[in-house]
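Remarks on the structure that follows.
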Amino acid sequence: MFINGPDTERLYRGYAGPEAWKPFPDIADRAGWTRPKQDPRLQASVDAIIRIADEVTGRAIDPLPATLYMDFIRNGDRQAYEDRYFRRRAHLSHLVIAECLTAEGRYLDPIIDHIWAILGEPYWCVPAHNFAGQHEMVMYKTANPWKDDDPLPVPGEEYLDLFNCETAAILAEACYLLKPLLLERVPSLYHLVHRQIAARTLSLLEGPNLYGWYNGLNNWTVWCAHNLLTAACYVVDDRDRLISIVQKLLPPMQRFFDNLEESGSCIEGPTYWVVSAGRLVGFIDLVEKRFGVKFGFEDSTKFRNFGAHLVQLHIAGNKYVNFADGNLKIDLDHGLLSRYAEMIGAQSLTNLIWQDVARVAPEREERLFRETGHADYVRQILIHLTRLLFWTPEIAEAPDRTYRKSLWLSDMQVMVAREYPEVGKGLMLSAIAGSNDPKVNHHSHNDIGHFNVYLDGAPLLIDLGQSTYSKATFAAGRYDMWHISSEGHAVPKINGLVQRAGSGTDASDVAFSEDEGASVLSLDAAPAYFEAVGNNRVRRRIVFDHHKASVHVEDDVSLEAGLTSFQLPLYVSDRDISVEAAGVCRIRCGARLLRIAATNLRLDGIERLPLSDPRHRDTWGEAVHRLRYVGEDLRSGRFALDIRVED
């Protein structure tokens, strides 16, 4: 679609110059900035943005000393640096929007100070992405010639990563929105920003260096490409140069689109779908509007399916089915996804977006001033705020949606089953077959056969999901981290063996079936336990009974060496759990109970596991529980759980 789309001549003919291309009103267009203030659906968001700007005005800018950058190599910590780094950008973004909304000049000085501070950062690339060999997406970067473990990057070798590109887009859009004011008060700063963007990002893109995201493997491609093109459209006045930048970005964007599954599934999970989908449509819109061309993505089945993907995984509120590094709770890119919903006419996505706008607005202030919270800042930068105010109102609110009671995502090998089609009502199950091979999904966990159970929109049997990223997250010991290893999932430990990661760890004999009464997933997880599978079998069958509102999980293990031990953990959100003498567990969820009965399994104990990771605590609270089951009659090799609702 991208490569076979507009050629140089069409881009040349359709090019809109800087005076003609006005993607958003600048601060001088008072009528333009009055519209979002008068939209009652955006009132809470507008008020929150102004209150945040008022708070930021009285605060000192977070320092970013070299020692914080050095912490990544020294001890693996990337959070302390990134929290301050992203908070600077989020605060600047709110100041810029608040100044455009009010046009009173009271935010100009703090805006100048924040821009100055960001320009003064030696590197816009975050430490986790600026060292050779420390992240799988940091490809083609040469090692430090002086010291292998030098905790500072090599000068002149900054990597063009996600956030280097995003910083350029934020600064470029800030200067566009405030151009009349900056050229009147501090024209030198305006031109300095443009020069810095050209020198620190666009020159790298135009140069000979290669970057891992050129391969189109994952969200990095669309994230970097959209940000770079956004920055270029704002700061590059030379038509030929801008067209050359577009042409350099089209091939990696085509590779990304080619790598998407025809069904629209996003194997990286809902968290990364939000980024990928939003940035994909942002890039398309930018090329089409700036150069007067049409790609025709609206007619692509793959594009339409990709846009509808997230809706199918909705649990309730801001909760979505999560596997691997996916997070249970997601903030949507309201404006960018609004453009996607508009392009494909997706009313179900439209409804989700407007509900999320209403949810986020009252939380915006508290979340933006946390001491920790990289995830909170990501959706609160200028690229998202501007499009929230000007793109989201273009879509209409839709009626309440319903979902398919049985869903099979064959590309991801994920099953979703529901008691009722209405959101947040009754029993719900998600389960995965999949693969533990990081080449299939670099965000993968060792979780073949894992399942989650929800009741009335609340997660009860859970996958902890993504933790706060550190150096270890994408290092050699990644799969030893407990929440990433199979011991952190509802899959068995067999004869002391946990699941392994790497090539050849795909589930085998995967089958899904459905009828009016049941949804069934069956698989053999033996390749995840044994390099040489031979006659070993670790079969699992998961059945969701739609009529009885129950889940049946059955394991059938047959090993060449014989079965000597079978241990099965279940992780439970922080809720009241009661146990009968027979080992039947009941988990309270409001006025209802989730009952778990085991066959040929003994409940060996219940542990309360305090959580220390900030992201896990934000998602799950102070603790989760682990139910420990052990096999009784090992000769039979068959074990089962029966899960149902009690009122």
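The values are calculated or read from the model by the stated rules, or taken from the named source; none is laboratory data. As the structure is a computational prediction, the values presented were derived from the model and not from experiment. For neighbour counting, all protein chains shown are included, and Cβ atoms are generated from backbone atoms with ideal geometry for every residue, glycine included. Side chains are part of the model used for accessible areas, which takes the heavy atoms of the whole protein and leaves out ligands, DNA and RNA. Shrake-Rupley method; radii C 1.70, N 1.55, O 1.52, S 1.80 Å.
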Regarding segment 8-394, what is the average projected area of its C-alpha convex hull, in nm²? 18.1 nm²
Dipole size in debye (nearest 20) for the chain around its Cα centre, Lys and Arg Cβ +1, Asp and Glu Cβ -1? 440 debye
Percent relative contact order for the chain, counting Cα pairs under 8 Å at least six residues apart, stands at 11 percent
Can you list the residues, at least 5 places off or on another chain, whose amide H is less than 5 Å from the amide H of THR468, using H built in the peptide plane? ARG615, HIS616
Net charge of Cβ neighbours under 15 Å - reference ASN535; Lys, Arg +1; Asp, Glu -1: -3
Starting at the first residue of segment 557-572, write each ³J(HN,Hα) from the Karplus equation 6.51 cos²θ - 1.76 cosθ + 1.60 with θ = phi - 60°, in whole Hz, x for Gly and Pro. 10, 9, 10, 4, 8, x, 8, 10, 7, 9, 10, 10, x, 10, 9, 10
Using only Cα atoms, find the angle between the long axis of helix 79-102 and the longest principal axis of the chain, and express it within 0 to 90 degrees, rounded to the nearest 10. 50 degrees
Kindly express, to the nearest 10 degrees and within the range 0 to 90, the angle between helix 108-119's C-alpha long axis and the longest C-alpha principal axis of the chain. 70 degrees
Under 12 Å from a point placed 7 Å out from the Cα of ASP237 along the Cα-to-Cβ direction: which residues of segment 179-202 have their backbone N that close? 191
Residues with amide H under 5 Å from that of ASN209, placed H, sequence gap 5 or more: none
Hey, if you put +1 on the Cβ of every Lys and Arg and -1 on every Asp and Glu Cβ in the chain, which of PRO63, PHE544, ALA476 ends up farthest toward the positive end of that dipole? PRO63
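If Lys and Arg each add +1 and Asp and Glu each add -1, what is the summed charge of the other residues whose beta carbon sits under 12 Å from the beta carbon of CYS224?
Every neighbour counted, the sum reads 0.
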Counting only protein heavy atoms and a 1.4 Å probe, tell me what percentage of segment 8-394's accessible area is made up of carbon and sulfur. 51 percent
From the backbone phi of segment 580-592, what are the Karplus-calculated ³J(HN,Hα) couplings (6.51 cos²θ - 1.76 cosθ + 1.60, θ = phi - 60°) in whole Hz, Gly and Pro given as x? 7, 4, 7, x, 6, 9, 10, 10, 7, 9, x, 8, 10
Counting DSSP beta bridges with both partners in the chain, what percentage is antiparallel, nearest 5? 100 percent
Out of (i) 32; (ii) 45; (iii) 38, which label holds the value of percent of Cα pairs over 37 Å apart that was computed here? (iii)
Please work out the C-alpha center-to-center distance from segment 42-76 to segment 574-629 and express it in whole Å. 37 Å
Rounded to the nearest 0.05, FRET efficiency between ALA475 and THR34 (Cβ-Cβ, R0 60 Å) equals 0.75
Return the sequence-ordered ³J(HN,Hα) values of segment 460-472 in whole Hz as given by the Karplus equation 6.51 cos²θ - 1.76 cosθ + 1.60 applied to θ = phi - 60°, using x for Gly and Pro. 10, 9, 10, 10, 4, x, 5, 9, 5, 5, 9, 4, 5
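What's the local net charge at LEU388, with K and R +1, D and E -1, over the other residues with C-beta under 10 Å away?
Summing Lys and Arg as +1 and Asp and Glu as -1 gives +1.
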For the chain, with +1 on Lys and Arg beta carbons and -1 on Asp and Glu, the positive-most of GLY488, LEU192, THR619 along the dipole: LEU192
For ASP480, the accessible surface traced by a 1.4 Å probe with all protein chains present amounts, in square angstrom to the nearest 10, to 130 Å²
Rounded tilt (10° steps) of 270-291 against the dominant C-alpha axis of the chain: 30 degrees
Let me know the charge dipole size of segment 298-452 about its Cα centre in debye, to the nearest 20, where only the beta-carbon of Lys, Arg (+1) and Asp, Glu (-1) is charged. 240 debye
Given unit charges at Cβ for Lys, Arg (+) and Asp, Glu (-), the dipole magnitude of segment 406-646 about its Cα centre in debye, nearest 20, is 460 debye
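What whole-number value in Å² describes the accessible area per residue of segment 422-577 for a 1.4 Å probe?
About 35 Å² of surface per residue is accessible.
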